[in-house]
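> Structure incoming, see below.
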Amino acid sequence: MRVLRWFMGLFRLSARSMKDKKGISSIFIALLFLIPFMIFSMFLIESRFLYTIKNSADDAVVAAALAALKSTNPVDIAYGEYVLDPNAARDTFYEYLKKNMKLDENMNPLPGSVAAGPVHVDEFIVYNPGSYPTFCTRGTFIKNTSIHVVVSFKAKRPALTGLFGKYVDIVIHRDVDNFYNLQEE
């Protein structure tokens with residue numbers, strides 16, 4: 001209620017100022033500050049929204065990579081180093097990525113997906129014993145059986161489309177391992 005009274009008082013004051021032409025400069029200066037402030041506020045809200053979209057997609061990629069790591073024998077996983085079949089891991093990864101990100105068979109988004117266009121798996125590398133210790137193509141140190149994944153897609157920008165374009169490119173890079181060692185006594 002207080003805010004409504006404040007806005008109404010401001011409106012009446014500006015209407016009186018407009019009648020005698022004395023307050024036109026103050027209204028003009030207020031608009032010069034108000035418009036950039038509103039654009040900055042929209043930018044902050046939009047950046048948090050896009051950050052949420054990226055986190056959601058990142059969770060989907062990590063979950064799919066963990067599912068792919070589990071595609072091997074769980075007993076071997078518990079006792080240290082194990083060899084992961086790259087083809088089985090790739091198939092499992094794609095299966096779960098499609099489910100997690102709501103994609104069709106051609107990696108195009110279904111209703112409710114965070115992606116606004118096709119999802120591309122740019123890199124998928126399985127690091128097995130003998131191929132590590134090493135660094136992945138993006139510089140992360142690999143010291144266990146791991147899956148290196150880079151996924152990219154476009155997300156629709158909710159506001160400020162005229163200033164920055166209609167879509168945002170999102171790239172997710174993850175190196176996922178499930179290091180767990182069961183010690184025998």
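The values are calculated or read from the model by the stated rules, or taken from the named source; none is laboratory data. Because the structure is a prediction, the values reported are computed rather than measured. Cβ placement follows ideal geometry from the backbone for every residue including glycine, while neighbour counts extend to all protein chains displayed.
> Just to be sure, is residue 157 surrounded by 12 or more Cβ atoms within 10 Å (Cβ to Cβ), in contact with a helix residue (DSSP H, G or I) (Cβ under 7 Å, 6 or more places away or on another chain), modelled with pLDDT of 85 or more and farther than 23 Å from residue 92 by Cβ?
It is true that residue 157 is surrounded by 12 or more Cβ atoms within 10 Å (Cβ to Cβ), in contact with a helix residue (DSSP H, G or I) (Cβ under 7 Å, 6 or more places away or on another chain), modelled with pLDDT of 85 or more and farther than 23 Å from residue 92 by Cβ.
> Moving on. Working only within the range 129-144, note down all residues that are part of a loop (DSSP other than H, G, I, E, B) and surrounded by fewer than 17 Cβ atoms within 10 Å (Cβ to Cβ).
Those that are part of a loop (DSSP other than H, G, I, E, B) and surrounded by fewer than 17 Cβ atoms within 10 Å (Cβ to Cβ): 129, 130, 131, 133, 137, 138, 139, 140, 143.
> Considering each of 79, 180 in turn, give the residue that is touching a Leu at 6+ places or on another chain (Cβ under 9 Å), more than 22 Å from residue 53 (Cβ to Cβ), among the hydroxyl-bearing types (Ser, Thr, Tyr) and at pLDDT below 85.
Criteria check complete, one pass: 79.
> Answer with yes or no whether residue 103 is more than 23 Å from residue 131 (Cβ to Cβ) and crowded, with 18+ Cβ neighbours inside 10 Å.
Yes, satisfied.
> Output the number of the condition that residue 161 fails; it satisfies all remaining conditions of (1) within 30 Å of residue 43 (Cβ to Cβ); (2) touching a residue at least 24 places away in the same chain (Cβ under 8 Å); (3) out of contact with any His (no Cβ under 9 Å at 6 or more places or on another chain); (4) not small (Gly, Ala, Ser).
Unmet condition: (2).
> If you take the residues of the range 105-128 that are under 22 Å from residue 71 (Cβ atoms) and part of a loop (DSSP other than H, G, I, E, B), which of them is modelled with the lowest pLDDT?
Only one residue tops the list, namely 128.
> Among the residues of the range 78-103 satisfying the criterion of being part of a loop (DSSP other than H, G, I, E, B) and within 15 Å of residue 60 (Cα to Cα), which is farthest from the chain's Cα centre (by Cα)?
102
> Examine the range 60-74 for a residue that is at pLDDT below 90 and basic (Lys, Arg), and state whether such a residue exists.
Scanning the range 60-74 turns up at least one residue that is at pLDDT below 90 and basic (Lys, Arg).
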